[in-house]
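**Student:** One structure follows; several queries about it will come next.
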Amino acid sequence: MIDHLTHLFKYDCWAMERTANSIINLEEILPNAVRILSHIISAQQIWLNRITGTHSNITPWDNYTIDESISKSVELTSKWINLFEGSDKAFLEKRIQYQNSKGETFTNSIKDIATHVINHAAYHRAQIAQHVKRANGIPAITDYIVYQRELQK
């Protein structure tokens, strides 16, 4: 499972870069698309902080430039992978108590949080693709299977 999660975070970073480039390639940058891209990054950092017990002032809707989002995506991918390195199944099953942005307290396993982070990003990348398409741009193809095919080349 650890190898699988590591692989998914590498895929996520690949997909984030493609998504960012689809925004960059537009004739006019779309603020809403950039905002959603920033949200993905902020959320990934917030979840990592919850797991590591790191306090920060990051909010779910912090704003980053496209270049900052790409850079932070690479940095966060490395941090998530480092978190998993040398871990075992017990680590993934460890339950983390946290408060959401509304102040409500929840407890979830690290495995479930990591899975959520990947799915959350994919959901929002689809929103960005819709924005890009409406702006007559070419949405990024970020399907996991495409990533796998590229690895096999």
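**Student:** Anything in region 127-145 that is within 19 Å of Leu37 (Cβ to Cβ) and among the aliphatic types (A, V, I, L, M)? List them, or say none.
**Tutor:** The answer is Ile128, Ala129, Val132, Ala135, Ile138, Ala140, Ile141.
**Student:** Here's another thing I want to ask about it. Name the pairs whose Cβ atoms lie under 9 Å apart, with the first residue in region 24-45 and touching a residue at least 40 places away in the same chain (Cβ under 8 Å) and under 13 Å from Asp67 (Cα atoms), the second of a type in the set (Phe, Trp, Tyr) and surrounded by 15 or more Cβ atoms within 10 Å (Cβ to Cβ), and 6 or more positions between them or separate chains?
**Tutor:** Within 9 Å, the pairs are Leu37/Tyr64.
**Student:** Let me spell it out: the conditions are (1) farther than 23 Å from Arg18 by Cβ; (2) among the polar types (S, T, N, Q); (3) in contact (Cβ under 8 Å) with a residue 60 or more places away in the chain, and Ser73 meets all of them except one. Which number is the exception?
**Tutor:** (1)
**Student:** For region 80-93, what are the residues that are within 11 Å of Leu5 (Cα to Cα) and in contact with a helix residue (DSSP H, G or I) (Cβ under 6 Å, 6 or more places away or on another chain)?
**Tutor:** Trp80, Ile81, Phe84, Leu92
**Student:** Name the one entry in Glu68, Glu85, Glu104 that is over 16 Å from the mean Cα position of the chain (by Cα), modelled with pLDDT of 95 or more and among the acidic types (Asp, Glu).
**Tutor:** Details: Glu68 fails: over 16 Å from the mean Cα position of the chain (by Cα); Glu85 fails: modelled with pLDDT of 95 or more.
Unique residue meeting the criteria: Glu104.
**Student:** While we're here: Thr65 - would you say it is surrounded by fewer than 17 Cβ atoms within 10 Å (Cβ to Cβ), in contact (Cβ under 8 Å) with a residue 12 or more places away in the chain and either within 21 Å of Leu26 (Cα to Cα) or of a type outside the set (Val, Ile, Thr) (or both)?
**Tutor:** Yes: the conditions hold for Thr65.
**Student:** OK, next. Test Gly137 against the stated conditions and say whether it is small (Gly, Ala, Ser), in contact (Cβ under 8 Å) with a residue 24 or more places away in the chain and either over 23 Å from Met1 (Cα atoms) or loosely packed, with under 14 Cβ neighbours inside 10 Å (or both).
**Tutor:** Considered against the rule, which asks whether it is small (Gly, Ala, Ser), in contact (Cβ under 8 Å) with a residue 24 or more places away in the chain and either over 23 Å from Met1 (Cα atoms) or loosely packed, with under 14 Cβ neighbours inside 10 Å (or both), Gly137 comes out as yes.
**Student:** Still on this structure: Please count how many residues of region 35-68 are closer than 22 Å to Ile96 by Cα, touching a Leu at 6+ places or on another chain (Cβ under 8 Å) and part of a helix (DSSP H, G or I).
**Tutor:** Residues in region 35-68 being closer than 22 Å to Ile96 by Cα, touching a Leu at 6+ places or on another chain (Cβ under 8 Å) and part of a helix (DSSP H, G or I): 6 in total.
**Student:** Just checking, how many residues over region 108-139 are part of a helix (DSSP H, G or I), more than 23 Å from Ile24 (Cα to Cα) and touching an Asp or Glu at 6+ places or on another chain (Cβ under 9 Å)?
**Tutor:** Result for region 108-139: 3.
**Student:** Let me ask you something else. Can you tell which of Thr142, Thr77 is in a loop (DSSP other than H, G, I, E, B), touching a helix residue (DSSP H, G or I) at 6+ places or on another chain (Cβ under 7 Å) and of a type in the set (S, T, N, Q)?
**Tutor:** Within the list Thr142, Thr77, the selection yields Thr142.
**Student:** Mind counting the residues in region 25-34 that are of a type outside the set (Asp, Glu) and not in a helix (DSSP H, G or I)?
**Tutor:** 4
**Student:** Tell me which residues, restricted to region 80-103, are of a type in the set (Asp, Glu) and either surrounded by 15 or more Cβ atoms within 10 Å (Cβ to Cβ) or assigned to a helix (DSSP H, G or I) (or both).
**Tutor:** Restricting attention to region 80-103, the residues satisfying the condition of being of a type in the set (Asp, Glu) are 85, 88, 93.
If the condition is that a residue be of a type in the set (Asp, Glu) and either surrounded by 15 or more Cβ atoms within 10 Å (Cβ to Cβ) or assigned to a helix (DSSP H, G or I) (or both), then Glu93 is the only one that fits.
The values are calculated or read from the model by the stated rules, or taken from the named source; none is laboratory data. The model shown is predicted, which means the values in this text are computed figures rather than measured ones. FYI the Cβ positions are ideal-geometry reconstructions off the backbone, even for glycines, and counts take in every protein chain you see.
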